[in-house]
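See structure below.
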Amino acid sequence: MKKIRNLSESDFLKLFFGLLSLAFLVGAVCMPDRGSMFSGLWQIISQPSKLTTNYFAVGGYAATFLNMGLVGLICLGQFVVFRGKANNVSTLAVVLTLGFCSWGINILNIWPTIFGVMLYGLVKKESFGSLVNAMMFSTGIAPLITDLMIRYPYAEAVGFNLPGIGVAVLVGIVIGFFLPAGMAASPSIHKGFDLYSAALPIGMTAFFLNAVLFKTMGVALPDGADAAQLQVASRLTVNLFCGIVFGLCVLGALALGCKPRDYWRLLTDKAAVNNFSSIYGNAVFLMNVGVFGLFILGYYNLIGASFNGVTFGIIFCMLSTCNSGSHPGNVWPIMVGYFLASVVFGWLSTLAGGTFAQAINAQAICVGLCYANGLSPVSSKYGWQFGALAGGMHYMLVTSVPNLHGGFCLYNGGFTAALICVLLIPQLERFTKTKQERRELKVK
């Protein structure tokens with residue numbers, strides 16, 4: 001334990017990534033359908049994965065866990081092979097990628113965009129180690145890669161074919177090559193208020209490719225996954241696995257010396273901190289993983305979400321910001337905003353004679369809330385009221401945004417959060433004082 005306490009931030013995070021990947025692999029062999037995990041993995045690889053595809057239904061529980069564990073090891077391997085330094089952004093990149101591995105990413109569709117980022121590194125003479133985070137973020141468009149390989153330009157899947165694979169590799173390399181420049185420019189647009197910063201360039205790229213490959217070419221956009229598959233779910237599996245993993249994180253943090261007052265300092269810090277492991281230390285970061293993870297799990301249980309592969313994945317997608325600024329103290333206002341918006345619009349829909357399909361536990365809304373979490377800096381800087389406002393605005397917009405990218409962007413909610421920032425932040429800057437400014441006025 002002493003050796004772990006003395007690890008640098010980068011080495012500790014790599015250890016965390018490795019243990020989390022191992023947890024998924026252990027989960028795979030513990031599933032009742034473990035005998036079909038490899039055939040199930042082939043189904044996951046060879047079937048379309050547009051939003052929202054439930055890998056529990058496509059390949060089974062064991063295959064889903066296996067896919068998550070293997071992709072996790074690939075992510076860790078990139079840091080090891082390319083000697084990358086892990087930091088708070090790496091935590092977001094790895095855990096977010098793992099979260100998508102139960103409903104959009106697999107061990108095959110990640111490679112074309114990764115190769116594109118590597119090509120960028122060769123052209124710009126930048127080390128691959130400095131681009132590992134970008135490699136992982138590039139996989140946010142993985143469902144398009146799968147579609148190109150197995151069914152473009154057809155509406156139905158025809159299987160892997162050389163022309164489709166060629167187009168997928170070419171498109172993936174182009175996406176990956178131009179992504180680092182887009183990622184560098186993204187914060188200047190959302191001004192640091194969208195923790196899913198890579199979602200903006202990925203979302204805009206998916207928007208552009210949806211127009212070029214389908215709308216402009218006159219090719220019919222293929223349907224997404226059958227909604228009936230979302231019924232394949234297991235509350236016990238998800239709660240048991242997440243409860244054990246997050247509980248072990250809390251115990252591990254305590255063993256590493258994290259005291260309750262240390263974590264309380266993180267929750268009540270008046271500054272908008274965006275790098276927990278660096279500022280508060282590895283033990284406090286691990287405590288936030290455990291507590292925030294249990295908080296997220298509790299929320300989805302409270303609203304009665306269906307615990308399918310998508311919901312399982314978004315628990316980790318939401319948790320991915322645990323080292324970049326999110327914690328229960330600044331995320332609960334986002335949740336309140338979502339809940340209030342669902343109540344208000346459900347009532348308005350009844351008055352207008354509409355067909356209301358956005359209840360707080362609807363699948364699309366559960367997914368949307370996950371990425372509205374990326375707006376937590378609004379709560380930290382301006383106060384809980386404005387965090388709730390940002391959450392409500394995200395609720396209104398998130399289900400309309402897939403029309404732009406055709407369901408090929410896994411970062412749909414993060415892309416929506418960036419759009420909310422474009423709408424909301426200039427108004428807050430013009431008309432509202434920050435929490436710090438209000439405190440200073442009180443002192444005066």
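Of the helices (runs of 4 or more DSSP H) contained entirely in the range 400-444, those carrying at least 3 residues that are open to solvent by 60 Å² or more (accessible area, probe 1.4 Å) and over 30 Å from residue 210 (Cβ atoms) fall at 412-431, 435-443.
Among the criteria (1) among the hydrophobic types (A, V, I, L, M, F, W, C); (2) open to solvent by 30 Å² or more (accessible area, probe 1.4 Å); (3) not in a helix (DSSP H, G or I), the one residue 393 does not fulfil is (3). Pairs linking a residue in the range 416-444 that is under 14 Å from residue 378 (Cβ atoms) to a residue that is open to solvent by 60 Å² or more (accessible area, probe 1.4 Å) and hydrophobic (A, V, I, L, M, F, W, C), with Cβ atoms under 7 Å and 6 or more positions apart or on different chains, are 418/189; 422/189. On the stretch given as the range 216-243, residues that are hydrophobic (A, V, I, L, M, F, W, C) and open to solvent by 50 Å² or more (accessible area, probe 1.4 Å) total 8. A Cβ distance below 7 Å, combined with a sequence gap of six or more or placement on separate chains, defines the contacts here; from the range 118-146, residues that are closer than 21 Å to residue 108 by Cβ and in a helix (DSSP H, G or I) reach residues that are basic (Lys, Arg) and open to solvent by less than 30 Å² (accessible area, probe 1.4 Å) in the pairs 143/50. In the condition set (1) within 22 Å of residue 230 (Cβ to Cβ); (2) surrounded by fewer than 24 Cβ atoms within 10 Å (Cβ to Cβ), residue 368 is compliant with all but (2). Residue 85 meets all of the listed conditions (1) surrounded by 24 or more Cβ atoms within 10 Å (Cβ to Cβ); (2) part of a loop (DSSP other than H, G, I, E, B) but one, namely (1).
Hey, among the residues in the range 168-211 that are among the hydroxyl-bearing types (Ser, Thr, Tyr) and assigned to a helix (DSSP H, G or I), which one's surrounded by the fewest Cβ atoms within 10 Å (Cβ to Cβ)? Among those residues, the one meeting the criterion is 188.
Please go through the range 93-112 and give me each residue that is under 10 Å from residue 317 (Cα atoms) and either open to solvent by 10 Å² or more (accessible area, probe 1.4 Å) or more than 15 Å from the chain's Cα centre (by Cα) (or both), ordered by number. Result: no residue meets the conditions.
The values are calculated or read from the model by the stated rules, or taken from the named source; none is laboratory data. Small disclaimer: the values here were computed from a predicted structure and weren't measured. In this analysis, Cβ positions are derived from the backbone assuming ideal geometry, glycine residues included, and neighbour counts consider all displayed protein chains. Quick note on the areas: whole protein, heavy atoms, side chains included, nothing else; ligands and nucleic acids left out. Shrake-Rupley method; radii C 1.70, N 1.55, O 1.52, S 1.80 Å.
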